[in-house]
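Report on one structure; see the data block that follows.
Taken together, the values in this text are just the output of simple stated rules run on the coordinates, not laboratory data. What you see is a predicted model; the values in this text were computed from it and never measured. In this analysis, Cβ positions are derived from the backbone assuming ideal geometry, glycine residues included, and neighbour counts consider all displayed protein chains.
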Amino acid sequence: MEDNILLAHGSGGKLSHQLIKDLFLPQYDNPVLAKLDDAAKLRLTGDCLAYTTDSYVVNPLFFKGGDIGRLAVCGTVNDLAMTGAKPLYLTASFIIEEGLPLAALKKILISMKQASEEAEVEVVAGDTKVVEKGAADKLFITTSGIGVIEKGLNIAGANAKAGDRVILSGDIAEHGVAILVEREGMELDVEIKSDVAPLNHLVAQMLKVSRKIRCLRDPTRGGLATTLNELATQSEVGIRIEEDKLSIKEGVRGVCEILGLDPLYVGNEGKLVAVVDPEDSQSVLEKMRQHPYGTGAQIIGEVVEKPTGRVFMKTSIGGSRIVDMLAGEQLPRIC
Amino acid sequence: MKYIDEFRNRELAQGLIKKIVERSTRPVKLMEVCGTHTVNIFRYGIKELLPETVTLLSGPGCPVCVTPNETIDKAIALSREKDVILVTFGDMMDVPGSSSSLAKEKSQGADIRVVYSVQDALKIATENPKKKTVFLAIGFETTSPTVAVSLIEAEELGLRNYFILQGHKLIPPAMKALVEDENLALDGFICPGHVSTIIGQRPYQFLATQYKLPCVISGFEPLDILQSIYMLINQIEQDRAEVKIQYKRSVKEEGNPLALQKLYRAFQVSDSNWRGLGLIPGSGLKLRNEFKNFDVEEKFPIEVGEVKENPDCICGSILKGIKTPLDCPLFRKVCRPENPIGPCMVSSEGSCAAYYKFRQ
């Protein structure tokens, strides 16, 4: 292991996984956490609670399609929703760098309020700390959230079975590219917006038509490729997807082509991957397409028995290749 | 998307593959020189679509991979200086030098900045007059003219705090070194599209005339690559050896004369040390006398310790196309993208990374 934290430890890929496995899990090892799903499920009596926490650091704070506030609410709501939970309450902690304009903070708080209203969750506790200039980058937000999982519902990363269909809720790579465009000040003819959105209502609609949704996950950091690899590893199955079934908005694809980024590894904040029993896959797909955050839903592939822990993709010209987990960061290339 | 989807069309690809299968009677070894070709051959699964008669070998056309450890060690040494801002393209960050990497130095506080264009380096130098901004100038003919332009502009602006650490290389002399290697019996070259956009078709002519090797300058999309393979096989089957341009939408016979003029205004040809290939005459660039002030090594001698490389790493042989990553004892076991031992694993354009990422 490295002596210092590298940026790649935060990329969501292999180094992030290694850091969690080697440093965090040994300290807090318990069966609830060890499942490594998006939120912890706490068994009380009767229903199950889902509980999760996430920190948000993004530069710039405001970007097309959202801001750090909307991100902090949606990210945690989505982590809860990915266990099938109905999100109820959030807490929010703010680490604020000295000098942040209050107007900016207010704008972010309003945006958080709007996002929580949309998701129908309440922010029930909070905390603020202000640190000296240079000790933080403008604003960091941590949100934790609690939701309730209906009795008998079992959605987890380890549940995928051979034959299941893999559904993706829409166009990929929008959030990551929107941030990059904003950060680099790239001037483009098309507007690229982050897809950041709360997905709990979409999940609720999906659950109305099927009880055979096995896994749900939002492909955030590390992108779709990393999420599919996580599911393949946790479920000990293989996953085959088709490149032609993936949809990417033209402007997003253009930026990826120019910068040499693989959109499969670029983060999303308003998309989900569902692994569904083949019998129910069509009805789930149709239901998703009726929801504003699922209009672009597609069956992108299926779960296969072998090779376990591996993701394959049929390429646009008919070849086949491995889709590995992101290692390190995606770096802009020389040429 | 226009100009992209047309070149990834499945029916057209299948048609080209059929033509290759029908035309190809003898076994051939073709080398794709450029790393972007290597990556796309893997990304689109092209190898498995080709008949058994066609073997594709990956060449030395990844600028990160052929940069010797010494250059990286120098960049690291410079980044440790308090008054230096080291500016680099992203894919140099993780390349291991003898004992560290730029990414590690950055995590320990060095001021290292990743840019998309050398123009950003110039901007950093202008905005930080009290610091020395050093651009790690790695790359082939594709990017070196842009560095030349930055130097010409810096000269006009009278910037005295902008420098480069020179590591540029030229592709055709390396191809000459490869064909003269007895271990490597090649039948043709898939020549790099972007390098050729600058240098044109003439610099490859000696390969066809003296060495009887057909060359096709290829674009990067899957249909470009398949068509180039077909064009090469067609020549081989007819016992012809010519330099042809497949990538006509970008490459002109004469290249880009303006870019070449700028390039050679700031630089002149020199010998250069390549990882794996060693010292190749006339394969590098050095600053002309009137631009010597921008050469960081000229102005501030850099001391680096003993240059070390992992003795088990076979990146050298891989860059020559003599071995594949599967022949390497470190591949997958020790050397992985998250813990790269050699540069072919670090660079997204490297053969080892492509094998690791796209093949079982």
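Which order do A:PHE94, A:PHE140 fall in if you start with the one that has the fewest other Cβ atoms within 10 Å? Present the calculation step by step, with values, prior to reporting the outcome.
Working: A:PHE94 22, A:PHE140 19.
Arranged by neighbour count, lowest to highest, A:PHE94, A:PHE140 become A:PHE140, A:PHE94.
Considering helices alone, the calculated mean residue ellipticity of chain B at 222 nm is -10500 deg cm²/dmol, with DSSP H runs of length four and up weighted by -39500 (n - 2.57) and normalised per residue. Between B:GLN108 and A:GLN282, the modelled labels are 6.2 nm apart [label points 7 Å from Cα along Cα→Cβ]. Computed over every Cα-Cα pair of chain A and binned at 20 Å starting from 0, the pair-distance distribution P(r) comes out as 31, 61, 8 percent. When restricted to Cα atoms, region A:63-208 yields an Rg and a Dmax of 17.5, 55 Å, respectively. The alpha carbon centroids of region A:154-231 and region A:263-312 are separated by 8 Å. Largest first, the extents of the alpha carbon coordinates of region A:165-322 on the three principal axes equal 46, 35, 26 Å. In terms of the mean number of neighbouring beta-carbon atoms within 10 Å, the peptides A:256-265, A:305-314 order highest first as A:256-265, A:305-314.
Per-residue ellipticity at 222 nm for chain A, helices alone: DSSP H runs ≥ 4 residues times -39500 (n - 2.57), over residue total, nearest 500 deg cm²/dmol? Don't skip to the answer; put the middle values down first.
Details: 9 runs with 99 residues, N = 335.
Only helices count here, giving -9000 deg cm²/dmol.
Note on the protein assembly as shown: Cα-only Rg and Dmax are 26.5, 83 Å. In terms of its C-alpha gyration tensor, region A:195-286 has a prolate overall shape, because the principal axis ratio a/c (a ≥ b ≥ c, square roots of the eigenvalues) is not below 1.5 and a/b outweighs b/c.
May I ask you to derive the FRET efficiency for B:GLU52 and B:PHE206 from their Cβ-Cβ distance with R0 = 22 Å, giving the value to the nearest 0.05?
On the way: r = 31 Å, r/R0 = 1.41.
So, using R0 = 22 Å, E works out to roughly 0.10.
Given axes a ≥ b ≥ c from the Cα gyration tensor, I'd like to know whether region A:1-148 is rounded (a/c under 1.5), prolate (a/b larger than b/c) or oblate.
Numbers: a/c = 2.02, a/b = 1.13, b/c = 1.79.
It comes out oblate by the Cα gyration axes.
Please give the FRET efficiency for A:VAL130 paired with A:LEU88, using the beta carbon to beta carbon distance and R0 = 35 Å, rounded to the nearest 0.05. So, using R0 = 35 Å, E works out to roughly 0.75.
Here A:LYS151 is the anchor, and the aspartates and glutamates within straight C-alpha reach of less than 15 Å, apart from those fewer than 8 places off in the same chain, are A:ASP47.
What separates the Cα centres of region B:27-53 and region B:207-285 is a distance of 17 Å. Seen through its C-alpha gyration tensor, with square-root eigenvalues sorted a ≥ b ≥ c, region A:151-200 comes out prolate because a/c lies at 1.5 or above while a/b is bigger than b/c.
Please list, in order, the residues from region A:277-312 whose amide nitrogen is less than 15 Å from a point placed 7 Å along the Cα→Cβ vector of A:VAL209. Once the point is set 7 Å along Cα→Cβ of A:VAL209, A:277-300 turn out to lie under 15 Å by backbone N, inside region A:277-312.
In plain terms, the residue of B:TYR204, A:TYR51, B:TYR211 with the fewest other Cβ atoms within 10 Å comes first and the most crowded comes last, giving B:TYR211, A:TYR51, B:TYR204. With a cut-off of 14 Å on the backbone N, the residues of region B:206-232 near the modelled label site 7 Å out from B:LEU12 along Cα-Cβ are B:219-228.
Which ordering of B:THR25, A:THR83, A:THR76 is given by a fewest-first count of other beta-carbon atoms within 10 Å? Mind dumping the intermediate values first?
On the way: B:THR25 11, A:THR83 29, A:THR76 32.
The order, fewest Cβ neighbours first, is B:THR25, A:THR83, A:THR76.
If R0 is 45 Å, the Cβ-Cβ spacing of A:GLU122 and A:GLU236 corresponds to a FRET efficiency of close to 0.70.
Could you work out the equivalent-ellipsoid semi-axes for chain B, taking the square root of 5 times each eigenvalue of the Cα gyration tensor, largest first, in whole Å?
On the way: eigenvalues 251, 107, 67 Å².
Taking √(5λ) for each eigenvalue gives 35, 23, 18 Å, largest first.
A simple spin-label model places the labels of A:LEU36 and B:ASN289 6.3 nm from each other, with each point 7 Å out along Cα-to-Cβ.
The modelled label-to-label distance for the pair B:SER270/B:THR25, using points 7 Å beyond Cα in the direction of Cβ, is 5.1 nm.
The shape of region B:315-358 can be summarised by an equivalent ellipsoid whose semi-axes, obtained from the alpha carbon gyration tensor, come to 14, 11, 9 Å from longest to shortest.
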